[in-house]
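See below for the structure under consideration.
Any read-out appearing in this document is the output of simple, stated calculations on the displayed coordinates, not a laboratory observation. Note that this is a predicted model, so its numbers are computed, not measured. Note: ideal-geometry Cβ built from the backbone for every residue, glycine included; neighbour counts use all protein chains shown.
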Ligand SMILES: *Cc1c(COP(=O)(O)O)cnc(C)c1O
């Protein structure tokens, strides 16, 4: 079955990005590739085996549903780590499959202990420390309560790691807060050691922290967005290029998103296009209809804003993006016909559309737009 658009993912671009990430790591730092959010919209089931080919043997997901997909496609020795939510009913599966998990709640730890005792499988845990994000993680007081539980049940717990997450390492505005978090993390780690808990590894860095604060790389990094060819922020990119005196962007976007022209129409001067009156043709126009709408992840915010490529030319979305269709102005495109390729993200001729050229820019636009790409759009793997 063909979907109204297809997403190609490039093995060579992915390998390029993973090689780049590895080149930024200190010696003996392990790489965990983050594939939460359906691998940032790319598709977990595709990205995991592709990244394995590039040498990755550790993946981070948010929850058990994602862990199950990763587990179903990965090599037997590949490790999977859940950084977020494990539902009660999934705990047995998690323990049985040796999936490691962040723990950040006393109740959660007790539940893991109960099920570990009942099933005879050890719980593989990463103790998450509250260092200033104020989202998940044990503070010192909670840690005092939790430590004896872990120590007394060393038959049932394997302390794989100690970890935290930074509140905005992609922006220099958060510099002081991040530095404080690093200090608190180191103190928390020492506190564990003093109390006889020896986590195998320490990990705290996401993409931005790994680049901007190399000391946060510790024993392992959890890198998401860079893997897919995007910088966590413009600031991180500038910081890196400046520090290394590189001129060119070392990352490659791994997605190409393409569709086709489904219909063409000539519109008279003074007529409106689509629902309502948001777009009026001020001159005679030729309009192409593309079978892509907000139900396909082509956001309504791209109405009268977005750009796509047709016949190598950049053209603008006119009128409102509908549920299944968008209209673009092809008045000045040569020889456009039904069936012509439309590039929504990627390269055509000499022109290129990046995810961030997708409309109003906000800091997190790459993350949000990517994860909204519906999993039902067909993925095609390219070399
Ligand atoms: C999402 C996430 C990461 C990866 O973040 P990127 O900015 O995509 O590298 C790392 N750690 C945790 C806990 C996360 O939630």
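Two-decimal Rg/Rh of the chain from alpha-carbon positions, Kirkwood Rh?
Dividing the radius of gyration by the Kirkwood radius yields 1.05.
Per-residue ellipticity at 222 nm, computed for the chain from helices alone with -39500 (n - 2.57) per DSSP H run of at least four residues, works out to -9000 deg cm²/dmol.
Kindly list the residues of region 1-37 that lie in the label zone of residue 382, defined by a backbone N under 16 Å from the point 7 Å along the Cα-to-C-beta vector. Residues 5-17 fall inside that zone. Counting every other Cβ atom within 10 Å of each residue's Cβ, 241, 369, 282 order from fewest to most as 282, 241, 369.
Considering only Cα atoms, the convex hull volume of region 211-309 works out to 165 Å³ per residue. Each of 138, 59 was scored by other Cβ atoms within 10 Å of its Cβ. Arranged with the fewest first, they read 138, 59. Look at 320, 262 and count the other Cβ atoms within 10 Å of each Cβ; fewest to most, that gives 262, 320. Note: region 122-219, Cα convex hull, 87 Å³ per residue. When the Debye formula is applied to the Cα atoms of region 255-382, each taken as the same point scatterer, what base-10 log of I(q)/I(0) results at q = 0.12, 0.13 Å⁻¹? Relative scattering, expressed as log10 I(q)/I(0), comes to -0.42, -0.50. In the elastic network of the chain, a GNM with C-alpha springs shorter than 10 Å, the most mobile of 229, 55, 270 is 270. Spin-label model, residue 187/residue 62: points 7 Å from Cα along the beta carbon direction are separated by 3.1 nm. Using a 10 angstrom cutoff on alpha carbons, build the Gaussian network for the chain and name the most mobile of 308, 94, 289. Largest GNM mean-square fluctuation: 289.
Restricting to the chain, compute how many DSSP beta bridges are antiparallel as a %, nearest 5. Mind dumping the intermediate values first?
Details: 29 of 62 bridges.
Close to 45 percent.
Equivalent ellipsoid of region 26-76: semi-axes from √(5λ) of the C-alpha gyration tensor, largest first, are 18, 12, 10 Å. Average 1/r across all pairs of distinct alpha carbons in region 157-281, invert it, and you get the Kirkwood radius: 18.4 Å. Extension gain, residue 110-residue 335: 0.36 nm per intervening residue step, less the Cα-Cα distance, totals 74.3 nm.
Our note on the geometry: Cα centres of region 287-321 and region 97-160, 48 Å apart. Here is the tail figure for region 1-104: Cα pairs spaced more than 15 Å apart come to 63 percent of all pairs.
As a calculated quantity, the FRET efficiency between residue 176 and residue 242 at R0 = 22 Å, using C-beta atoms, amounts to about 0.60.
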